[in-house]
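Right, I'll just put the structure down here and ask away after.
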Amino acid sequence: MTINVSVMVNGTRHDVSDVEPRLLLSDFLRDTLGLTGTHVGCEHGVCGACTVLMDGHSIRSCLTLAVQAAGAEITTVEGLGTPEALNVLQTQFREHHGLQCGFCTPGMLMTGEDLLRNYPLATDEEIREGLSGNLCRCTGYQNIVAAIRSAAALRRENV
Amino acid sequence: MKPARFEYIPPTTLEAAVAALAAANGEGKILAGGQSLLPLLNFRMARPAVLVDLNGMKELSFIELRGENVAIGALTRHREIEHSPLIASRLPVMSAAIRHVAHLAIRNRGTIGGSLSHADPAAELPMMAMFYGASLTVQGPAGRRTIAAKDFFVDALTNCLEPEDIVVEIEFPILQHDGWAFEEVARRFGDFALASIAVSIRRGQFGVGEARVAVMGVADTPLRLEHVEQRLCEIAVDGRTPDRFAEMVTSSVSPNSDVHASAEYRKHLLGELAKRAMQTVLAVKG
Ligand SMILES: Cc1cc2nc3c(=O)[nH]c(=O)nc-3n(C[C@H](O)[C@H](O)[C@H](O)COP(=O)(O)OP(=O)(O)OC[C@H]3O[C@@H](n4cnc5c(N)ncnc54)[C@H](O)[C@@H]3O)c2cc1C
Ligand code: FES
Ligand code: FES
């Protein structure tokens, strides 16, 4: 049994026929659409590397079926900025050394986007709680918190 | 592909969902938020032949005041409970507890019906169902019936439902109390709890008039401690009450040891949390 899936990814509509229901959204993005920016670590919801936005809120793409994304709007790390024009959060990750190997970074950025768009982030505690579901084996987290804090401040200045 | 093959059915009515489960002959599974089921599918620890996806049924997602109760639809996401002003004002203990459920992305997707049905012994919402004495409305082939939370949780990861039953909504009675506390310790914020306690009281003419106490992480299901509630109404309230309360609570549980914590440690932890919770409860002016 296969299903036709029509989904908006980073503002582009994709109509894909023959999607097997057991295909995970993470594998659909990476293998079917070739968007390999979304990383896959644990595939059981623990590491957060596969985090993407669905209709503006962060979700685990490894715990969502591709067929469940039909009709939804998905944003992946490729939808944030381009190498020439990084978005505010990406710029702050670079400024504050919020990444080393980069494996966790797409998930960190997408979680950060959800936090910036939907929460006031008045305190570092809020940022840390928000990031509690994303693992990083390199940075020690301090610089990631600093990058998000700084992006939140910049966004506040610009509104 | 990580999960094994299954037939995917996204029904638009409850009747169709129940019929699809009945036709699957015990080989069907409900998919709600997927935040507990998808890991099991990815590991192939669960291999259902049929997956019945409830996510198209928006009418199962609501939070509303219904007389002396708050009714919550089974498909309501953890995030919606977390940000609901109605829950914050009428079920404040639940409002505090939900913040400890998993992490941002998981709360965005996970549902109350899924959490209760999954019946993890260290999960906050099953504990809240016991704490408030909630009742679950379940739809099966013979129609609707109501199940009390205390009958719903049978064992670790085991509820009392038949394979073709669907939790439709849950009613939480509002407590008319004046002090409450929720305490939990997990290894990391958002992880499953090592131990947790919820307490709420109404002041009486002398001391405590009515009490509610529930714990989790220390047994195969969350527990409401009714004999402790009773004792609290019988003792004088003074500076020793938090210690006496901690003693009552710890002497009524016998946790198991596992990789996360030893039985002794869990018990000690629960005692400390009980003491802290009672200090908070009594500090509220009554
Ligand atoms: C990394 C991680 C950390 C987590 N930490 C916590 C935590 O700290 N505390 C906590 O409480 N939870 C935690 N969870 C679990 C999370 O809260 C889940 O959302 C929840 O347990 C299951 O809800 P769901 O809607 O995702 O259900 P699903 O995964 O879709 O379903 C779970 C089970 O319930 C059944 N089911 C679902 N809906 C119904 C229904 N309406 N009627 C009958 N049966 C139904 C399914 O068939 C399945 O067997 C965590 C999950 C992850 C991945
Ligand atoms: S790959 Fe999805 S959470 Fe780890
Ligand atoms: S930068 Fe290497 S895992 Fe986070």
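The values are calculated or read from the model by the stated rules, or taken from the named source; none is laboratory data. Keep in mind it's a predicted model, so treat the numbers as computed, not measured. Methodologically, a virtual Cβ is constructed for each residue, glycine included, from the backbone with ideal geometry; neighbour enumeration extends over all protein chains shown.
When you scan the range A:18-41, how many residues do you find that are outside any helix (DSSP H, G or I) and more than 9 Å from chain B (Cβ to nearest Cβ)?
Number of matching residues: 11.
Any residue at all in the range A:29-47 that is among the hydrophobic types (A, V, I, L, M, F, W, C), at pLDDT 95 or above, away from ligand 3 (no atom under 16 Å from the Cβ) and farther than 25 Å from A:Arg117 by Cα?
The answer is yes, given that some residue of the range A:29-47 is among the hydrophobic types (A, V, I, L, M, F, W, C), at pLDDT 95 or above, away from ligand 3 (no atom under 16 Å from the Cβ) and farther than 25 Å from A:Arg117 by Cα.
Filter the range B:109-133 down to the residues that are part of a loop (DSSP other than H, G, I, E, B) and in contact with a His (Cβ under 6 Å, 6 or more places away or on another chain) and list them by number.
Matches in the range B:109-133: B:Gly110 only.
Assess whether B:Ala20 counts as being modelled with pLDDT of 95 or more, in a strand (DSSP E or B) and over 28 Å from A:Leu53 (Cα atoms).
In short, no.
The rows are residues; the columns are (1) within 23 Å of B:Ser95 (Cα to Cα); (2) surrounded by fewer than 17 Cβ atoms within 10 Å (Cβ to Cβ); (3) among the small types (Gly, Ala, Ser).
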position	(1), (2), (3)
B:Val218	yes, no, no
B:Asp238	no, yes, no
B:Pro255	no, no, no
B:Glu272	yes, yes, no
B:Arg276	yes, yes, no
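Residues in the range A:31-43: is at least one away from ligand 1 (no atom under 16 Å from the Cβ), surrounded by fewer than 18 Cβ atoms within 10 Å (Cβ to Cβ) and in the same structural domain as A:Ala153 (by TED's automatic domain parsing)?
There is no residue in the range A:31-43 that is away from ligand 1 (no atom under 16 Å from the Cβ), surrounded by fewer than 18 Cβ atoms within 10 Å (Cβ to Cβ) and in the same structural domain as A:Ala153 (by TED's automatic domain parsing).
More than 14 Å from chain A (Cβ to nearest Cβ) and part of a strand (DSSP E or B): is that true of B:Glu171 in this structure?
Yes; evaluated as a whole, the condition is true for this residue.
Here's the yes/no breakdown for (1) part of a loop (DSSP other than H, G, I, E, B); (2) free of Cβ contacts under 8 Å to residues at least 24 places away in the same chain; (3) closer than 29 Å to B:Val154 by Cα; (4) outside the structural domain of B:Tyr132 (by TED's automatic domain parsing):
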residue: B:Ile201; (1), (2), (3), (4): no, no, yes, yes
residue: B:Ala211; (1), (2), (3), (4): no, yes, yes, yes
residue: B:Ala214; (1), (2), (3), (4): no, no, yes, yes
residue: B:His227; (1), (2), (3), (4): no, no, yes, yes
residue: B:Arg231; (1), (2), (3), (4): no, yes, yes, yes
residue: B:Val237; (1), (2), (3), (4): yes, no, no, yes
residue: B:Asp243; (1), (2), (3), (4): no, no, no, yes
residue: B:Ala261; (1), (2), (3), (4): yes, no, yes, yes
residue: B:Lys267; (1), (2), (3), (4): no, no, yes, yes
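Going by the structure shown, is B:Arg244 within 20 Å of the chain's Cα centre (by Cα) and more than 14 Å from chain A (Cβ to nearest Cβ)?
For B:Arg244, the condition - within 20 Å of the chain's Cα centre (by Cα) and more than 14 Å from chain A (Cβ to nearest Cβ) - is not met.
Look through A:Met54, A:Met1 and report the one residue that is within 13 Å of chain B (Cβ to nearest Cβ), within 30 Å of A:Thr139 (Cα to Cα) and not β-branched (Val, Ile, Thr).
Only one candidate qualifies: A:Met54.
Return the residues of the range B:154-208 that are within 16 Å of ligand 2 (Cβ to nearest atom) and out of contact with any strand residue (DSSP E or B) (no Cβ under 8 Å at 6 or more places or on another chain); say none if nothing qualifies.
Passing the criteria: B:Arg188, B:Gly190, B:Asp191.
Let me ask something additional. Among the residues of the range B:101-114, is any in contact with a helix residue (DSSP H, G or I) (Cβ under 6 Å, 6 or more places away or on another chain) and of a type in the set (D, E, K, R)?
yes
Out of the range A:110-145, which residues are in contact with a Gly (Cβ under 6 Å, 6 or more places away or on another chain) and at the interface with chain B (Cβ under 9 Å from one of its Cβ atoms)?
A:Leu115, A:Ser132, A:Gly133, A:Asn134 - these are the residues of the range A:110-145 that are in contact with a Gly (Cβ under 6 Å, 6 or more places away or on another chain) and at the interface with chain B (Cβ under 9 Å from one of its Cβ atoms).
Here's something else I'd like to know. Quick one: which of B:Leu136, B:Leu51 is touching a helix residue (DSSP H, G or I) at 6+ places or on another chain (Cβ under 9 Å), assigned to a strand (DSSP E or B), within 14 Å of chain A (Cβ to nearest Cβ) and of a type outside the set (Ser, Thr, Tyr)?
When all the criteria are applied, what remains is B:Leu51.
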